[in-house]
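Chemist: I have a structure I would like to understand better, so I am pasting it below and will then ask my questions one at a time.
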Amino acid sequence: MPSVLPDGETVPDDGALPPHALEGAGERPLGFYLHVPYCATRCGYCDFNTYTAGELRGTGGVLASRDNYAEQVVEEIRLARKVLGDDPRPVRTVFVGGGTPTLLAAGDLVRMLAAVREEFGLADDAEVTTEANPDSVNPAYLAELRAGGFNRISFGMQSAKQHVLKILDRTHTPGRPEACVGEARDAGFEHVNLDLIYGTPGETDDDWRASLDAAIGAGPDHVSAYALIVEEGTQLARRIRRGEVPMTDDDVHADRYLIAEEAFEKAGFSWYEVSNWATSEAGRCLHNELYWRGADWWGAGPGAHSHVGGVRWWNVKHPGAYAAALAEGRSPGAGREILSEEDRRVERILLELRLRDGVELSILKPAGLAAAGRALSDGLLDPAAHEAGRAVLTLRGRLLADAVVRDLVD
Ligand SMILES: C[S@@+](CC[C@H](N)C(=O)[O-])C[C@H]1O[C@@H](n2cnc3c(N)ncnc32)[C@H](O)[C@@H]1O
Ligand code: SF4
C-alpha cells in the first residue's frame, strides 16, 4: 500500500456509502484487508504506510501505540458491519498486511480475524493470509496463528544473498526465510508464499539465480517476484542520487524476469499474474485475485483503501489520526471517489491485462483495439487468444506490460 493518498470527496462521519454501491452486493465476493502499520526498522527501499517506534514517538501519543491497535481494527470491522448492513455474504478472503503484522502478538492477529468472523462470518473455504517478516516469527507463534484460523502465510524473503539483503536493509539472515517455510508447513499452513525482489543495486544474474533456487528449494506453493522500484523520498533513492549505489536499468530487469520465468517453469510453477507464480490453482492468492477482478473489499487500518460497488475510499494515513477518529466514533475514511463507467473500464484493462487470462478485447475502444493489433504484430500479445477475443500477454509482452497497458487504455 503506497503511502501517498489521493484527493477526493469527504467520507461522512458514519462512513455510509451511496445506496448504489450496495446494489447487487450479494453477487460479488467480499474480502477484508487489515493493515498493520508498524515495522521494527524501515527498509531503505520501502514506501509503504508503516512506522517504526522512533517515527511514532511524540506524533500520536498513546493512541498510536501498538498495544491497543488490534482493538482499533476490531472497531473498524464493527463499523464495516454497520455500513454494509445486513450483507448476506460470508467473507471469502482476509489478508493481514503491512508493515509487519508479525510485530503484533499472534493473539492480536487472531483477535482481528475473529472480529471478521463474528461480524460477517467466513466462507467455509475462506483464504486467510498474513504477511510475516522472517525474523519475527517462531514455531509457537506460527502454531497460534494456525490454530486461530490463518491458513496462508507470506514471508518477505527478497534475496538469499547477504550483500543484497544489506543494500535492502533487511534484518534477517540468509537461510531464515527458507527455514520459515518449513516451520509454517510444520504448523499446518496449507499455503506459503515467498516475496522476492530482483534488480537490487549490486545484484548479479548469478545472485538472482541463487535466490530463485533457494526460494524454490524451500517448498513454497507461491512466489511473488518484484522488480525493485526506487520510490521517491526513500533512503535508497537518496543513496542512488548521491552516487553511493548504482541504479539498475530496465534491460537488467528484463533479463532477471526471464531468468525467473525459466526457473519457475522448470520447478512446476506457472505464472497467473505478471509478478506471481503458483504450483497449482489452489496455490494462487485469491485475495489478490479479488482486487484484480474488481470485487468488493474493505481495507481496515491507517491509509488502507477499500472498494465496494464502484466506490473507492481510503483511510487517514497516520496511526494517531486513525485511532483518534475511531475513539470519537467517526469513520477513519479520509476521502473517496465514485468511479465512472470509464474509470472502471480503464481499471479493468490495467489489472486484467496483467493476468494470465488477459482482458476481453470487447471493452477496448477503437484506438485501444488498433494498439492491440500493433502489439500482436510486435509479438507482445498471444495470437490464439486474440483470435478468441482476448488480449493476453506473451512472455515478451510481460516484460513490457506497463507499456502495452498504456496503449490499450486509449
Ligand atoms: C508490505 S511489503 C512486506 C511484508 C513484510 N513487511 C516484509 O517486508 O517482509 C510486501 C512486499 O512488497 C515488496 N516491496 C516493497 N517495497 C518494494 C519496492 N520498492 N520495490 C519492489 N518491491 C517492493 C517486497 O517484496 C515485500 O515483501
Ligand atoms: S519490513 Fe516490509 S513493510 Fe517494513 S519497511 Fe521493510 S519492506 Fe517495508
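A short reminder: the numbers here are calculations on the coordinates, not readings from a lab. Predicted, not measured: the structure shown is a model, and the values here were computed from it. We place every Cβ from the backbone using ideal geometry, glycine too, and count neighbours over all the protein chains shown.
Chemist: Local charge sum around VAL164 (other residues, Cβ-Cβ under 9 Å, Lys/Arg +1, Asp/Glu -1)?
Modeler: That sum, taken over residues with Cβ under 9 Å, equals +1.
Chemist: Taking DSSP loops as anything outside H, G, I, E and B, show the longest stretch in the chain free of trypsin sites (Lys or Arg not before Pro) there with at most 13 other beta carbons within 10 Å.
Modeler: In short, 58-241.
Chemist: Extending each Cα 7 Å along its Cβ direction at GLU341 and LYS166, get the distance between those two points in nm, one decimal.
Modeler: Here the modelled spin labels are 5.9 nm apart.
Chemist: Counting pairs of alpha carbon atoms under 8 Å apart in space and at least six apart in sequence, what relative contact order in percent does the stretch 252-311 give?
Modeler: Over the stretch 252-311, the number comes to 15 percent.
Chemist: Another question, then. Please list, ordered by chain and number, the residues whose modelled amide H lies under 5 Å from the amide H of GLN158; skip anything fewer than 5 residues away on the same chain.
Modeler: Residues meeting the amide H criterion: ASP195, LEU196, ILE197.
Chemist: I'd like the distance between the alpha-carbon centres of the stretch 231-286 and the stretch 342-410, rounded to an integer number of Å.
Modeler: About 21 Å separates the Cα centre of the stretch 231-286 from the one of the stretch 342-410.
Chemist: For the chain, which cysteines have no second Cys with its Cβ under 4.7 Å from theirs?
Modeler: Within the chain, the cysteines lacking a partner Cβ under 4.7 Å are CYS39, CYS180, CYS285.
Chemist: Relative contact order, percent, of the stretch 81-214 when contacts are C-alpha pairs under 8 Å separated by at least 6 residues?
Modeler: Answer for the stretch 81-214 is 24 percent.
Chemist: For a quick size check, give me the Cα extents of the stretch 19-292 along its three principal axes, largest first, whole Å.
Modeler: The principal-axis extents, from largest down, are 54, 48, 42 Å.
Chemist: Report the gain in length on full extension from ASP13 to GLU232: 0.36 nm times residue separation, minus Cα-Cα distance, nm rounded to one decimal.
Modeler: 75.5 nm
Chemist: How do GLU183, GLU203, GLU244 line up, fewest other C-beta atoms within 10 Å first?
Modeler: GLU244, GLU183, GLU203
Chemist: Classify the stretch 226-380 as rounded, prolate or oblate from the Cα gyration tensor: take a ≥ b ≥ c as the square roots of its eigenvalues, call it rounded if a/c is under 1.5, otherwise prolate when a/b beats b/c and oblate if not.
Modeler: The shape class here is oblate.
Chemist: Moving on to the next point. Quick check on the chain: of the DSSP beta bridges with both residues there, what percent are antiparallel, nearest 5%?
Modeler: Bridges in the chain are about 40 percent antiparallel.
Chemist: If you take the beta carbon distance between ASP124 and GLU27 as r and set R0 to 25 Å, what does 1/(1 + (r/R0)^6) give as a FRET efficiency, to the nearest 0.05?
Modeler: Calculated value: 0.85.
Chemist: How charged is the neighbourhood of THR204? Take every other residue with its Cβ under 11 Å from the Cβ of THR204, and add Lys/Arg as +1 and Asp/Glu as -1.
Modeler: Local net charge: -2.
Chemist: Sticking with this one: Quick check: pseudo-label points 7 Å beyond the Cα along Cα→Cβ at LYS82 and ALA179, how many nm apart are they?
Modeler: 4.7
Chemist: Normalised by the residues of the stretch 296-410, what does the relative contact order come to in percent, with Cα pairs under 8 Å and at least six apart?
Modeler: 19
Chemist: May I have the extent of the alpha carbons of the stretch 340-410 along their three principal axes, as whole Å values ordered from largest to smallest?
Modeler: Largest first, the stretch 340-410 extends 32, 20, 18 Å along its Cα principal axes.
Chemist: Rounded to the nearest 500, what is the chain's calculated 222 nm mean residue ellipticity when only DSSP H runs of at least 4 contribute -39500 (n - 2.57) each, over all residues?
Modeler: Using -39500 (n - 2.57) per qualifying helix, the result is -11500 deg cm²/dmol.
Chemist: Something else: Straight-line reach only, C-alpha to C-alpha below 18 angstrom: list the aspartates and glutamates that LYS82 could link to, leaving out same-chain residues fewer than 8 apart.
Modeler: ASP13, ASP14, GLU23, GLU71, GLU118, GLU119, ASP296, GLU328
Chemist: A further question follows. Can you tell me the length gained on complete extension of the stretch SER280 to ARG293, counting 0.36 nm per residue apart and subtracting the Cα distance?
Modeler: Full extension from SER280 to ARG293 adds 2.8 nm.
Chemist: Would you order ILE240, ILE167 from fewest to most other beta-carbon atoms within 10 Å of each residue's own beta-carbon?
Modeler: If I rank by nearby Cβ atoms, fewest first, I get ILE240, ILE167.
Chemist: Now a separate question. List the lysines whose Cα lies under 27 Å from the Cα of LYS161, skipping any in the same chain that are fewer than 8 positions away.
Modeler: Partners found: LYS266.
Chemist: Count charges around GLN235 for me, please; just the other residues with Cβ under 12 Å from its Cβ, Lys/Arg as +1, Asp/Glu as -1.
Modeler: Around GLN235, the surrounding residues sum to 0.
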